[in-house]
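Peer 1: Pasting in a structure now, in structure tokens, and then I'll have a few things to ask.
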Amino acid sequence: MVSKDEIITILPEFVTLLNKTDPHSEFTNFLTDSLNTIKSSNGVAFTGQLQYFLITPLL
């Protein structure tokens, strides 16, 4: 599994790119909120938040 540090490094870059190309989209807002939540989570809460982030856009 990818480490939390790697995810915390990659996601902000993704958010930055989305904010440049599509700043007002629902997905960009969702990703920004998710990033903040994921950063503050640890252990099981981290994996739960990451799973929520990965599955929710598909619903």
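Peer 1: Residue under question is Ile38, and the condition is that it be among the β-branched types (Val, Ile, Thr) and either out of contact with any Leu (no Cβ under 7 Å at 6 or more places or on another chain) or open to solvent by 80 Å² or more (accessible area, probe 1.4 Å) (or both); does it hold?
Peer 2: So Ile38 does not fit the description; no.
Peer 1: Does region 22-32 include one or more residues that are surrounded by 12 or more Cβ atoms within 10 Å (Cβ to Cβ) and without any contact (Cβ under 8 Å) to a residue 12 or more places away in the chain?
Peer 2: yes
Peer 1: Is one or more of the residues making up region 2-21 in contact with a Ser or Thr (Cβ under 8 Å, 6 or more places away or on another chain) and modelled with pLDDT of 90 or more?
Peer 2: no
Peer 1: Would it be correct to say that Leu58 is of a type outside the set (Val, Ile, Thr), free of Cβ contacts under 8 Å to residues at least 40 places away in the same chain and touching a helix residue (DSSP H, G or I) at 6+ places or on another chain (Cβ under 7 Å)?
Peer 2: Against the criterion (of a type outside the set (Val, Ile, Thr), free of Cβ contacts under 8 Å to residues at least 40 places away in the same chain and touching a helix residue (DSSP H, G or I) at 6+ places or on another chain (Cβ under 7 Å)), Leu58 does not qualify.
Peer 1: Follow-up question, since we're still on this one. Select from region 28-59 the residues that are hydroxyl-bearing (Ser, Thr, Tyr) and either touching an Asp or Glu at 6+ places or on another chain (Cβ under 8 Å) or in a helix (DSSP H, G or I) (or both) and list them in ascending order.
Peer 2: Matches in region 28-59: Thr28, Thr32, Ser34, Thr37, Thr47, Tyr52, Thr56.
Peer 1: In addition: Quick test of your reading of the structure: Thr32 fulfils all but one of (1) under 9 Å from the mean Cα position of the chain (by Cα); (2) at pLDDT 90 or above. Name the failing condition by number.
Peer 2: (2)
The values are calculated or read from the model by the stated rules, or taken from the named source; none is laboratory data. The model shown is predicted, which means the values in this text are computed figures rather than measured ones. Reconstructed Cβ throughout: ideal geometry from the backbone, glycine too, with neighbour counts over all protein chains shown. These accessible areas exclude ligands, DNA and RNA; they are computed on the full protein's heavy atoms, side chains included. Shrake-Rupley method; radii C 1.70, N 1.55, O 1.52, S 1.80 Å.
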